[in-house]
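Reviewing the structure listed below.
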Amino acid sequence: MTAVIRQPIGRFAPSPTGPLHFGSLVTALASFLNIKARGGLWLVRMEDLDPPREVPGAQSEILTQLAAHGLVSDRVVLKQSESIERYEAALQRLIDQAQIYACDCPRKRFVSHYPGYCRDRGLALESVHQHALRFRIQAPRISLKDGHLGNHVWHPNENLGDFIVKRRDQLIAYQLAVVVDDIYQGVTEVVRGADLLDSTPYQLALYQALSEPPPQFWHFPVVLGSDGSKLSKQTGAPAVEDHQAIQNLNRALEFLGQATLNSQDIPSLLESAITAWDPRRVPRLLGRT
Ligand code: GLU
């Protein structure tokens, strides 16, 4: 038997809800270094699937900021808004496998995991104008071997519930879109903030349902602001300044537990950072700036 050797492919997948801030630069850099250290490709994908949350101009601003920091996608930037047909095709496959049911529960009613009220109600999938579509979790447990955080296990009804794949407003949900994209782009490793760890079991369930091998996940610490909450575009974290790219990159390296570098130009700084990259030095806990 010959094993199929997949080319290492990593990605950074920003949502265009505002310009790149220090926290997103850290994620971009970590995903870049982790894949480049293994000679892989690094892709950028625009997660512009939620028009109400999109900030006009943010897409091109993010790409300009990334480029100013030497971070350029090795392939054309995929936009989720142009990939709807692929998501619908995957959704249809799941429907054909009886993995999906319609749900009219008000979303606000559930603080954490959905207890499956609509599972056996048999609401028509076609009357989706008012209904969300949910994926039925059937696995007794879902486990993850995270590259950074180690082993995690989730159990239905304890810390896992049936989840939405198509929203009541007819938008494809993040969980489905991200998995379909990562499969389509041949992504072999996903480096992202630990705030997304809770999404991972849902995504693993989708990989299984779509008969695809999941990528290696690495959940790294997120950058916290002085008030202890995650830096975020929506709460107005300041944009990284392109004219300070070298300092920004060095600050990001420091946050990631790596040595800072003396290079005078960005390409040589990144080159040295790739050579020196050691993911075991990335701290485990959430870190403040
Ligand atoms: N678009 C998501 C975000 O900006 C990231 C998705 C992912 O890395 O899986 O938070």
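Relative to the longest principal axis of the Cα atoms of the chain, the long axis of helix 200-209 lies at roughly 60 degrees. Taking all Cα pairs closer than 8 Å and separated by 6 or more residues, the relative contact order of the stretch 106-178 comes to 36 percent. Counting only Cα atoms, the stretch 24-179 measures 53, 38, 29 Å along its principal axes, largest extent leading. Out of every Cα-Cα pair that the chain contains, those further apart than 27 angstrom amount to 43 percent.
Given a Förster distance of 51 Å, report the FRET efficiency between D265 and R53 from their Cβ-Cβ distance, rounded to the nearest 0.05. Walk me through the intermediate numbers first.
Details: r = 36 Å, r/R0 = 0.71.
Between D265 and R53 the formula returns 0.90.
Straight-line cross-link partners of K230 among the aspartates and glutamates, defined as a Cα under 12 Å from its Cα and at least 8 positions apart when in the same chain: D195. Over all other residues within a Cβ to Cβ distance under 15 Å of H152, the charged ones net out to 0, with Lys and Arg as +1 and Asp and Glu as -1.
Dipole magnitude for the stretch 132-220: computed about the Cα centre from +1 point charges on Lys and Arg Cβ and -1 point charges on Asp and Glu Cβ, it is near 280 debye.
Contact order for the chain, expressed relative to its length and based on alpha carbon pairs under 8 Å spaced 6+ residues apart, stands at 23 percent. For L171 and Q247, the FRET efficiency from 1/(1 + (r/R0)^6), where r spans their Cβ atoms and R0 equals 45 Å, is about 0.70. The Cβ shell under 14 Å around L41 holds other residues with a net charge of +3, Lys and Arg each +1, Asp and Glu each -1.
Taken about its Cα centre, the stretch 1-141 carries a charge dipole of about 600 debye when Lys and Arg each add +1 at the Cβ and Asp and Glu each add -1 at the Cβ.
Quick check: net charge around T64, other residues with Cβ under 13 Å of its Cβ, Lys/Arg +1 and Asp/Glu -1?
Values: positive: none; negative: E61, E241, D242.
Net charge around T64: -3.
Note on the chain: with a GNM built from Cα contacts shorter than 10 Å, the maximum mean-square fluctuation among R168, R86, R121 falls on R121.
Which FRET efficiency value, to the nearest 0.05, is calculated for Q185 and R38 with the Förster distance at 22 angstrom and r the Cβ-Cβ distance? Write out the running numbers ahead of the final one.
Working: r = 17 Å, r/R0 = 0.76.
E(calc), rounded to 0.05, equals 0.85.
Determine the shape class of the stretch 51-105: with a ≥ b ≥ c the square roots of the Cα gyration tensor eigenvalues, call it rounded for a/c under 1.5, and otherwise prolate if a/b is greater than b/c, oblate otherwise.
Working: a/c = 3.91, a/b = 2.15, b/c = 1.82.
Note, shape of the stretch 51-105 comes out prolate.
Placing unit charges on the Cβ atoms of the charged side chains and taking the dipole of the chain about its Cα centre, the candidate lying farthest along the positive direction among P56, C118, G18 is C118. Label positions at R281 and E126, each projected 7 Å from the Cα along the C-beta direction, are separated by 6.1 nm. Mean separation of Cα pairs under 8 Å and 6 or more residues apart, divided by the residue count, gives the stretch 100-244 a relative contact order of 21 percent.
Just so you know, all these numbers are worked out from the coordinates, no wet-lab data involved. Keep in mind it's a predicted model, so treat the numbers as computed, not measured. Every residue, glycine among them, receives a Cβ derived from its backbone with ideal geometry; neighbour counts consider all protein chains shown.
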